[in-house]
Each structure stands twice: as structure tokens, then as C-alpha cells.
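*Asks:* My questions will all concern the structure given below.
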Amino acid sequence: MAERLAGIKGRFILSLNDRPEVRENFSAFRFVDVKFDYTIGSGEQKAAGEVIILDGKDIRRDRNLPLF
């Protein structure tokens, strides 16, 4: 998937679980870390994280607002 995204002409934003293999596979791109707590059925909170992966292309300020 990282190879495909590297070759597209457009822009992209992708959210995946924060795992070492995700960071390794998408290391050519920019990351934004997102930490949160979630519950599954039992009601107990568990710390979790995601990474938002950005294409890293320059933002044209006259057309787009930065996300972060």
C-alpha cells in the first residue's frame, strides 16, 4: 500500500493502528500520533494509539488549509 500511495498524483491521508510494522512500512511519509482510551464490552479502558499518515506534499496555502 505504501508503494501505491507513493506513486499517486493526488493527496492522501490514512489512519492506521500505531504498530511498529506500520511505522516501518510507511516511514517515507509524515506521521501524526493520536493517543486515546477505548473500551470493548467489559467497560475497562485500554490505552491505544493510531497514526495519521500524510502524503508529505507541500500544502498550497492559497487552496488548502493545513490539517495539523
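The values are calculated or read from the model by the stated rules, or taken from the named source; none is laboratory data. Computed from a predicted model, the values in this text were never measured in an experiment. FYI the Cβ positions are ideal-geometry reconstructions off the backbone, even for glycines, and counts take in every protein chain you see.
*Asks:* Of the residues in the range 1-36, how many are among the charged types (D, E, K, R) and either in contact with a helix residue (DSSP H, G or I) (Cβ under 8 Å, 6 or more places away or on another chain) or closer than 23 Å to ALA48 by Cβ (or both)? Step through it out loud before you land on a result.
*Replies:* Here is the first cut: in the range 1-36, the ones among the charged types (D, E, K, R) are 3-4, 9, 11, 18-19, 21, 23-24, 30, 33, 35.
Next, from what is left, pick out any that are either in contact with a helix residue (DSSP H, G or I) (Cβ under 8 Å, 6 or more places away or on another chain) or closer than 23 Å to ALA48 by Cβ (or both): 18-19, 21, 23-24, 30, 33, 35.
The number of residues fulfilling the criteria is 8.
*Asks:* While we're here: Whether any residue in the range 18-37 is of a type in the set (Phe, Trp, Tyr), touching a Lys or Arg at 6+ places or on another chain (Cβ under 8 Å), outside any loop (DSSP other than H, G, I, E, B) and surrounded by fewer than 14 Cβ atoms within 10 Å (Cβ to Cβ) is what I want to check. Reasoning before the result, please.
*Replies:* Taking the range 18-37 first, the residues of a type in the set (Phe, Trp, Tyr) are 26, 29, 31, 36.
From what's left, touching a Lys or Arg at 6+ places or on another chain (Cβ under 8 Å): 31.
Of the ones still in play, those that are also outside any loop (DSSP other than H, G, I, E, B) are 31.
With the extra rule that they be surrounded by fewer than 14 Cβ atoms within 10 Å (Cβ to Cβ), the set shrinks to none.
No, the range 18-37 contains no residue that is of a type in the set (Phe, Trp, Tyr), touching a Lys or Arg at 6+ places or on another chain (Cβ under 8 Å), outside any loop (DSSP other than H, G, I, E, B) and surrounded by fewer than 14 Cβ atoms within 10 Å (Cβ to Cβ).
*Asks:* Please determine, by comparing only the residues of the range 40-68 that are assigned to a strand (DSSP E or B) and within 19 Å of LYS9 (Cα to Cα), which one is modelled with the lowest pLDDT.
*Replies:* Filtering the range 40-68 down to residues assigned to a strand (DSSP E or B) leaves 45-54.
Checking which are within 19 Å of LYS9 (Cα to Cα) leaves us with 53-54.
Numbers: ILE53: 95, LEU54: 92.
Checking each candidate, the answer is LEU54.
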